[in-house]
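All remarks here apply to the structure that follows.
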Amino acid sequence: MPPSLTPLGFPRAGNRFPGRPALVTVVAGSTLIPMTKRLWIETVGCQMNVLDSELVVAALRRQGWEMAPAADAADAVFYNTCSVRQHAEDKIYSALGRIRSVKAKRPDVVVGVLGCMAQKDQELIRKRAPWVDLVVGPGQLHQVPSLVDDVLAGGGPRIEVSLDRKAGSRDAIARSFESYDPDRDPAMRPTPFQAFIRTQTGCDKFCAFCVVPHVRGPEQARAPDTILAEARKLVAEGCREITLIGQTVNSYKWTDGGRTTRLADLLALLDGVDGLDRIKFVTNYPRDMTDDLIAAVRDLPKVCHYLHVPAQHGSDDVLTRMKRGYTIGEYMEMYGRIRAAIPHAAVTSDFIVGFCGETDAEFQTTLDLVKTVGFKNSFIFKYSPRPGTKAFDRLPDDVPEDVKKERNRVLLEAQEEASLAGNRRFVGTQEQVLVEGLSTRDEKRAVDPGPDGVAQLTGRTMCDRIIVFDAPTRLIGRLVDIDILAAGAWSLSGVVADGLADAVPLDTLDYSGAASGDAAPLYDISLPQPKPQAATSEPPRG
Ligand code: SF4
């Protein structure tokens, strides 16, 4: 076989931006000659982890690393992990088992376990998988590039984690959890026109079931100026929507020189950023949903009317056992204030079924809550005991697995009905969406219709509802009005309003930047944009 240039790209699944040229790797004979060191990262868990993966990959790319097409073709393989449920940890130990044979064939491959599980399990990870080179907690992610260099230089395995929550003063523990917020690299975001910005790390609420305060450390806010500067930089790079993320984002508080900035103030500052179209924030703690914050959501034009406020359960007794710090009456009072101020707001929740001692009657209260409130959607989880938490230490995990499963199914079914009823109210209306990319269907089909070709696209409304519609791929990254024709439980479908030519003038929209002379593309879809492997987009636990 003669030497040739062969394009090797990233797996099409997960690439929502058709038309990108793939990266090129030189092929001589049948031997691949990698141009540079290549990395692979798998991310499990919430949006906090998606952001961390973006930042780790960007830091390594600045040192000359590129993305590999698969784990077994990489020089470094990272798993950015989650400890919120046992299932998430089991997935990582299975993946570590699979990478063992790659490491046996190529001992110089660096294998790293990053994030919450690294902080929680520490030495245990290397006991169970001695072929792991790096164990790096969420508070040490800034060290990953130098740690990889050390391992490659023959320095041997390293475990870098923060202090345990009981291992010293609050200040000392907080210092050991360093917030990881380096310069952003637009190429590494899941989409170039949407970005997460961290407002704070950690949590001090210590709900009985939750491992987050242990693995993410004490709550620590970032300065508003830093957040604002990051937002401005992202907008200058083409970002149109930011999502502020914190475990309990609405408890954000920064005091400096006698002046206190809370989330409502921060939203007002961000609302003034020119070029930014949309602001979201997750996850909210019910007790911190203050009137001034609700008023800010109502009054600031760029803030989306979407509020993720986990109730977790419908029973006061269970909420007490969970140490959530509110009654269901207080939750409903908070919910009533949101509805009174913003009647059409989309409110979403998390629920845990099968928590310690949950009776049929207690489960029924959660079911009743979901049936009566009309959450836009809910993330529903079976209780998973987490070592180190109060529930693990003090309460028996006594709801049988088959009962948990059945309650999970019943609650999902009720939520699906509620979501469908909520979505049906939008049929016949017109909503503006930010076009995010190919729909899941066309992403799986790996369609590449080119810049003018029509594909099935997906976008989100200001209320975080997903709408699918057929349109040219050049609309990706644009705000477009959609006439809604039909509703399902999880999405709506429709057509671009008033015809494409009216909604999006064609003479300003050449995305290639070549065919229309000076027309500047909003988003140059033709750039190679390797990105961290897709993860679930579950909001941080809160
Ligand atoms: S559930 Fe949320 S508020 Fe409670 S400890 Fe976990 S992160 Fe904190």
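Read-outs throughout are calculated quantities, based only on the coordinates presented, and are distinct from any laboratory measurement. Keep in mind that this is a model prediction, so the values were computed, not measured. Cβ placement follows ideal geometry from the backbone for every residue including glycine, while neighbour counts extend to all protein chains displayed.
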| For the stretch 37-173, with +1 on Lys and Arg beta carbons and -1 on Asp and Glu, the positive-most of THR81, VAL144, ILE173 along the dipole | THR81
| Near LYS405, which lysines are there with a Cα under 17 Å away, not counting those fewer than 8 places off in the same chain? | LYS382
| field | Dipole of the stretch 305-425, positive direction: furthest Cα of PRO310, GLN364, ILE338, with charges on the beta-carbon | value | ILE338
| task | Mind ranking 113-123, 159-169 by how tightly packed they are, going by the mean number of other C-beta atoms within 10 angstrom, highest first? | result | 113-123, 159-169
| query | What are the residues whose amide H is under 5 Å from the amide H of SER162, where those residues sit 5 or more places off or on another chain and H is modelled from the backbone? | reply | GLY137, GLY139
| field | Overall dimensions of the stretch 67-140 by Cα: Rg and Dmax, Å | value | 11.6, 33
| note | TYR79 neighbourhood, Cβ < 14 Å, K/R = +1, D/E = -1, net charge +1
| remark: Answer in debye to the nearest 20: the dipole magnitude of the stretch 189-332 about its Cα centre, from +1 Lys/Arg and -1 Asp/Glu charges placed on Cβ, is 380 debye
| What residues qualify as long-range amide H neighbours of MET462, i.e. H under 5 Å apart, gap of 5 or more or another chain, H built at 1.01 Å from N? | GLN432
| field | Given charges at Cβ of Lys, Arg, Asp, Glu: the stretch 373-472 dipole, positive-most of PHE379, THR461, LEU438 | value | PHE379
| remark: Surrounding charge for GLY202, neighbours by C-beta under 9 angstrom, Lys/Arg +1, Asp/Glu -1, total -1
| message | Counting other C-beta atoms within 10 Å, and keeping those with at most 15, which DSSP coil chymotrypsin sites (Phe, Trp or Tyr not before Pro) do you find in the stretch 184-257? | response | PHE206
| task | Show which aspartates and glutamates lie in cross-link reach of LYS103 when reach means a straight Cα distance below 17 angstrom and same-chain residues fewer than eight apart are skipped. | result | GLU42, ASP72, ASP75, ASP133
